[in-house]
1. Condition first: part of a strand (DSSP E or B) and within 10 Å of RNA strand B (Cβ to nearest atom). Can you find one or more residues in the stretch A:51-71 that meet it?
2. For the stretch A:1-20, enumerate the residues that are in contact (Cβ under 8 Å) with a residue 60 or more places away in the chain and over 18 Å from A:D80 (Cβ atoms).
3. Let me confirm something: among A:F211, A:F247, which residue is within 16 Å of RNA strand B (Cβ to nearest atom), hydrophobic (A, V, I, L, M, F, W, C) and at pLDDT below 95?
4. Can you spot a residue in the stretch A:386-400 that is within 13 Å of RNA strand B (Cβ to nearest atom), open to solvent by less than 10 Å² (accessible area, probe 1.4 Å) and either farther than 25 Å from A:E239 by Cα or not acidic (D, E) (or both)?
5. Looking at A:L289, A:L237, A:L309, can you tell me which residue is among the aliphatic types (A, V, I, L, M) and without any contact (Cβ under 8 Å) to a residue 24 or more places away in the chain?
6. Condition test on A:I312, is it closer than 25 Å to A:Q244 by Cα, within 15 Å of RNA strand B (Cβ to nearest atom) and surrounded by 14 or more Cβ atoms within 10 Å (Cβ to Cβ)?
7. Exactly one of these conditions fails for A:I72: (1) open to solvent by 30 Å² or more (accessible area, probe 1.4 Å); (2) more than 17 Å from A:E3 (Cβ to Cβ). Give me its number.
8. Can you report the number of residues in the stretch A:317-354 which are open to solvent by 70 Å² or more (accessible area, probe 1.4 Å) and either away from RNA strand B (no atom under 13 Å from the Cβ) or more than 28 Å from the chain's Cα centre (by Cα) (or both)?
Amino acid sequence: MAEEVGIERIADYVGEEVTIKGWLYAKTGKGKLQFLQVRDGTGVIQCVVFKKEVTPEVFEDARSLTQESSLIITGMVRADERAPGIPGGHEIGVSDLNVVQCVTEEYPITPKEHGIDFLMQHRHLWIRSSRQWSALRVRATVIKAIRDWLDSQGFLLMDTPILTPAACEGTTTLFETDYHGTPAYLSQSGQLYNEANIMAFGRVYCFGPTFRAEKSKTRRHIQEFWMVEPEAAYVDLWENLKIQEQFVSYIVQTTLRERQSELESLGRDVSRLEKIEPPFPRIHYDEALEMINRAAAKGTTVPPEDEPLPAIAWGDDFGAPHETYVAEQFEKPVFVHHYPSQVKAFYMAQEPERPETCRSADLLAPEGYGEIIGGGERSSDLEYLERQIERHDLPREAYEWYLDLRRYGSVPHSGFGLGIERTVMWICGLQHIRETIPFPRLLGRIYP
RNA sequence: UCCUCGGUAGCUCAAUUCGGCAGAGCGGCCGGCUGUUAACCGGUUGGUUGUAGGUUCAAGUCCUACCCGAGGAGCCA
């Protein structure tokens, strides 16, 4: 038998006989000539079966193959720019074909269009389709880039618990579960534990699933999502931003380099991504507010609904249209820093000269993809934190350990959380977050 | 939780202001074709119109309640 190769490396085998093990993705026949599009998990390639070049049995097998039948194919690799595929440009002239399983029931997902409900009910099959497959390959690369960069920059992976005794930030709705008779909650952030970890390890990150039980039903929300949260001791707000812009740029550039075929198959305009490198613009909340209200006064509208941008008062948090408007003004992601303390988590450090603001920063992705990072400098002031816990009506006893961190060697420190799915959505140019994770958990949907 | 839109064949949809025989394309199946790209051509297959009730000679269409889905708001990553 010829050498078994992966389709993603097929260009290295032109002129050689190879074996592909995979599934029939699509087929068009033209009498004595059959075009099989075969996928093997690493790519899609066109395999051509000429009646004269194979045995009658093989030709009949090829002719009668059904969508998603599993098969093993052997043949000669040749370059041909007419050939579709991921990556395209090569095809296999089939000499032998072995049907592993011929699908006899109709495969539900045809090459025609389908509705979202139908596709989501068949998510376990939908992930075989090229757009889903490409996006999930990009996701894996984004995650690898994240870990490679952090590991190489001295951040140590420290896993934080998923079952937690209390709300981390006290604002969002949590999933409650039973922990041997006492209530426990699925983690919405590893943030507070990370602050303990940095006092032991200097620079750390946690990377895992987080859970938000809000009844959010938009293209940017899922109930279970993955977040990477780096945290570092002796790092202030401004150094934190430098880390973030290098980090995000590395993720984007690595994906551009390693997932060219997938981004192309997604139809992504990569020229927008090629521009993503440090430095990113930084604007103060006051400045952003002014920008928004100036535009609102002129009756500016924002996509995707083209509704008028509402004016806001100082102290208000930005809504989705405000974020979109601000991000639209820049080609790169933009940092908005020094939000009013009242709209941010209790642990954000106060700005000494403007105590009503905090040393926080959000990173807004371009092209309307919204907030991909939330972060900032954490308060190292014990008394301020005690007051904040009271002000936010949080159970003091649950935070005693956290306050200990300010009693024993408190230092300035910062961190941030990057949402994996929103980042993948932006890099892939997708319209909905549900396509960025294999099995999304959406409001009212937990099958399959 | 609130607002908007929707539910008709396996899938995507149509069904004439104002109620009158349930349709098309795709898929599947059969046949034809040596360069297809969501191929094409001919034939064929296909229905509890989301559920329950009501009005009517007659309901996919009108009325009531409910169920399910989509998009958005708030909140956030």
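1. No, every residue in the stretch A:51-71 fails to be part of a strand (DSSP E or B) and within 10 Å of RNA strand B (Cβ to nearest atom).
2. Listed by number, the residues that qualify are A:M1, A:A2.
3. Testing whether each residue is within 16 Å of RNA strand B (Cβ to nearest atom), hydrophobic (A, V, I, L, M, F, W, C) and at pLDDT below 95 leaves just A:F211.
4. Within the stretch A:386-400, none of the residues are within 13 Å of RNA strand B (Cβ to nearest atom), open to solvent by less than 10 Å² (accessible area, probe 1.4 Å) and either farther than 25 Å from A:E239 by Cα or not acidic (D, E) (or both).
5. Result of the check over A:L289, A:L237, A:L309: A:L309.
6. No.
7. So the condition that A:I72 fails would be (2).
8. 7
The values are calculated or read from the model by the stated rules, or taken from the named source; none is laboratory data. Note that the structure is a prediction, hence the values are computed from the model and not measured. As a convention, Cβ positions derive from the backbone with ideal geometry for all residues, glycine included, and neighbour counts pool all protein chains shown. The protein model used for the area step is the full one, side chains on, heavy atoms only, and it has no ligands, DNA or RNA in it. Shrake-Rupley method; radii C 1.70, N 1.55, O 1.52, S 1.80 Å.
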